[in-house]
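As structure tokens, the structure follows; a few thoughts come after it.
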Amino acid sequence: MSERGRPRSFDRAAALRRAMEVFWAKGYEGASLSDLTAAMGINSPSLYAAFGSKEALFLEATDLYTRSEGTDIWSTLEQAPTARLAIEGFLTETAKAYSQIDRPQGCLIALGALHQDSTQGLICQDLRRRRAENQTALERRLGRAVAEGELPADFDCQAAATFFATVQHGMSIQARDGATHAALMATASGAMAAWTTMAGVRPRDKRKAL
């Protein structure tokens, strides 16, 4: 019996990864259906059959991105022995991850979709939630340092987390614009210069800085 009418089989996981890379490079709006199907090696009916819609494909791609990309950024944040090293490692690993030359530069979660309209509402909400979760992870790590007595009791964890999350978002834009690893590290170093003030360490105590 002829199988001419049957859809061509494909590796769903590999196709999803390729779609993720297209969204990562072009954003949700910039990634056309033809861009996606060409990268995934399937036709439009197969894409819809496997993933439901472009929106559903994007949401699944961002899940994959969160699980597989930049994981060292967050493991360093959690595992570093001090809050200062945690933040320094967070920024250093960000510079490394965002400047890889074998994949799109910058961050899909930061740059995937910024303008919300009727067709992108769910996409923007999802990315906003993920960015908020990342900021919460920063705030939680700093809160742990306060609880352990490493940082002053009046340390403003929320303000510090907002600051370093904003720096990270800026590094994503820099990377997308072509900034090198060295340039991103310079941004990270500049951000760490603010740590002394945030942590309440006086100039004469710098050698004992947290």
### Amide H contacts of Leu151 (H built 1.01 Å from N, under 5 Å, at least 5 apart or other chain)
Val146
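Ignoring ligands, DNA and RNA, please state the percent of accessible area on the stretch 12-66 from carbon and sulfur, probe 1.4 Å. Mind dumping the intermediate values first?
On the way: 1230 of 2240 Å².
Roughly 55 percent, rounded to a whole number.
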## Note on the structure
With x for Gly and Pro, the residue-by-residue ³J(HN,Hα) of the stretch 44-54, computed from phi through the Karplus equation 6.51 cos²θ - 1.76 cosθ + 1.60 at θ = phi - 60° and given in whole Hz, is 4, x, 5, 4, 5, 5, 7, 10, x, 6, 4
## Note on the structure
Summing -39500 (n - 2.57) over every DSSP H run of at least 4 residues in the chain and dividing by its residue count gives a helix-only mean residue ellipticity at 222 nm, to the nearest 500 deg cm²/dmol, of -21500 deg cm²/dmol
### Query
Quick one: Karplus J couplings for the stretch 128-136, per residue in order, coefficients 6.51, -1.76, 1.60, θ = phi - 60°, nearest Hz, x for Gly and Pro?
4, 4, 5, 5, 5, 5, 5, 5, 4
### Message
When a/c reaches 1.5 or more, the comparison of a/b and b/c decides; with that in mind, is the stretch 12-66 rounded, prolate or oblate per its Cα gyration tensor?
### Response
rounded
#### Entry: Label-to-label distance, nm, for residues given as Leu85 and Ser189 (7 Å Cα→Cβ offset)
2.1 nm
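Quick one: with all protein chains in place, what share of the accessible area of the stretch 88-179 is carbon or sulfur, to the nearest percent (1.4 Å probe)? Intermediate values should be presented prior to the final figure.
Values: 2260 of 4420 Å².
Percent of accessible area from carbon and sulfur atoms in the stretch 88-179: 51.
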### Query
Roughly what would the spin-label model give for Arg128 and Ala13, points 7 Å off Cα along C-beta, in nm?
3.5 nm
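Would you please name the GluC sites (Glu not before Pro) within the stretch 1-110 that are DSSP coil residues with at most 12 other C-beta atoms within 10 Å of their C-beta?
Numbers: sites: Glu3, Glu21, Glu29, Glu55, Glu60, Glu69, Glu78, Glu88, Glu93; in loops: Glu3, Glu69.
Passing both the DSSP loop test and the Cβ count: Glu3.
Computed over the Cα atoms, what is the radius of gyration of the stretch 70-198 divided by 2.2 N^0.38 Å, N being its residue count? Provide the component values of the computation, followed by the final result.
Numbers: Rg = 15.0 Å, N = 129, 2.2 N^0.38 = 13.9 Å.
Compared with the compact-globule rule of thumb, the stretch 70-198 sits at 1.08.
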### Message
With a 1.4 Å probe and all protein chains left in place, how much accessible area per residue does the chain have, in Å²?
### Response
53 Å²
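So if a site counts as exposed when it's one of the trypsin sites (Lys or Arg not before Pro), its DSSP state isn't H, G, I, E or B, and it has at most 11 other Cβ atoms within 10 Å, what's the longest stretch of the chain without one? Don't skip to the answer; put the middle values down first.
On the way: sites that count: Arg4, Arg8.
In the chain, the maximal stretch lacking such sites is 9-210.
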### Query
Between Ile123, Ala161, Gln135, whose Cα lies farthest towards the positive end of the dipole of the stretch 119-162 when Lys and Arg beta carbons carry +1 and Asp and Glu beta carbons carry -1, centred on the Cα centre?
Ile123
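The values are calculated or read from the model by the stated rules, or taken from the named source; none is laboratory data. The shown structure was predicted, so the numbers you read here are calculated from the model rather than taken from an experiment. Counting neighbours? That spans all protein chains shown, and the Cβs are built from the backbone with ideal geometry, glycine included. These accessible areas exclude ligands, DNA and RNA; they are computed on the full protein's heavy atoms, side chains included. Shrake-Rupley method; radii C 1.70, N 1.55, O 1.52, S 1.80 Å.
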